[in-house]
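Readers should treat all values here as calculations from the given coordinates under stated rules, not as data from a laboratory. Everything numeric here is computed off the predicted structure, so don't read it as measured data. No Cβ is skipped: glycine too gets one built from the backbone with ideal geometry, and neighbour counts run over all protein chains shown.
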Amino acid sequence: MIDQKIKNRESEIKELEQISVKKVRQRWRIVIFYRLMFLVVTLGGWEVLGRIGVIDPFFFSIPSKIINQIYIWIIKGTSQGPLWLQVLVTLEETVLGFLIGAVMGIICGIALGRNKMLADIFSIYIKIANAIPRIVLGSIFIIALGLGMASKVALAVVMVFFVVFGNAFQGVREADANLIANARVLGASDRQVTFKVVLPSALSWILASLHISFGFALVGAVVGEFLGSKQGIGLLIATAQGAFNAAGVFAAMIVLAVVALIADYLITKLENRLLKWRPNVQ
């Protein structure tokens, strides 16, 4: 009798799980449908308004010209070389800046979060540095480091550092004081408390900042290329702007958007893998 009840209960749970999975899939199909509808309506309206003259194609281009520009870049290449090479250069600068800035931000955020004296000493300087416009720093880096990769990586590092630093610092400060006290009672050293208690508590804060910071790294690399470079997507935008080629500017923006979406997908996968213990991770 008891075994039969257990089997019935397990059967009910399986049915509920199947219903839940079906609802999730159905909802996702609806989301995809409306996303595509929005895209079609937006691009279609843009194309029609551009062709009838409501929107000036010279300044804002039209989707058909933008797609044709991307096609030309893929088949014939850009004025600076193959399109894949421009994407690779920008992506290399972005990844380097992202990794360096993220590591520096995490280390500094944890160090200052764990040491109130250091936080009080350096907080004013961090606020001053964060208030400096990034475009100014980009010009300084180009003057100091030249038109090569170093100046773009440096700007990307700065863009990433403050985002990751802020989240790491706040994550450390938000760590459960009771857990820290219990660890100290059990004889844990400062190093053990930091790595065994504080860092895991701040991990969700840090990973949340990585989604945003990679986009900032990409922006930093592109802005640096726009200000002065030999290759890269930013140079494509600058060249298109100089030639009053609106389609080229929008085409470069689409390429950047694709790169950013792929990177966000990979970071989301990494976050889900590292935070399996969190029940609300999808």
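Per DSSP helix of 4 or more residues, -39500 (n - 2.57); summed, then divided by the residues of the chain. What does that give at 222 nm, rounded to the nearest 500?
Numbers: 12 runs with 234 residues, N = 282.
After summing the helix terms and dividing by residue count, I get -28500 deg cm²/dmol.
Given (1) 6, 20, 23, 22, 16, 8, 4, 1, 0; (2) 6, 26, 28, 18, 10, 5, 3, 2, 1, 0, 0; (3) 6, 29, 37, 22, 5, 0, which label gives P(r) over Cα pairs in 10 Å bins from 0, in percent as computed from the coordinates?
It is the one labelled (1).
At 7 Å along Cα-to-Cβ for each site, give me the label-to-label distance between Tyr71 and Gln241 in nm.
2.8
Once you've got the Cα coordinates, tell me which of Lys116/Lys196; Lys14/Lys269; Lys127/Lys269 are over 25 Å apart.
Those over the limit are Lys14/Lys269; Lys127/Lys269.
Counting other beta carbons within 10 Å of each Cβ, put Lys23, Lys230 in order, fewest first. Walk me through the intermediate numbers first.
Numbers: Lys23 10, Lys230 13.
Ranked by crowding around the Cβ, least crowded first: Lys23, Lys230.
What FRET efficiency comes out for the pair Arg29/Arg273, r = Cβ-Cβ distance, R0 = 25 Å, nearest 0.05? The partial results should precede the final answer.
Working: r = 26 Å, r/R0 = 1.03.
My answer for the efficiency is 0.45.
Between exposed chymotrypsin sites (Phe, Trp or Tyr not before Pro) in the chain, where DSSP calls loop and at most 14 other Cβ atoms lie within 10 Å, what's the longest gap?
With chymotrypsin sites (Phe, Trp or Tyr not before Pro) excluded where exposed in loops, the chain gives 1-243 as its longest stretch.
Going by Cα centres, the stretch 197-229 and the stretch 160-184 are how many Å apart?
18
Could you size up the charge dipole of the chain around its Cα centre, putting +1 on the beta carbon of Lys and Arg and -1 on that of Asp and Glu, and report it in debye to the nearest 20?
Magnitude of the dipole: close to 620 debye.
Note down the relative contact order for the chain as a percent, whole number, built from C-alpha pairs under 8 angstrom at least six residues apart. It would help to have the intermediate numbers written out before the result.
On the way: 291 pairs, mean separation 61.9, N = 282.
In percent, rounded to a whole number, it is 22.
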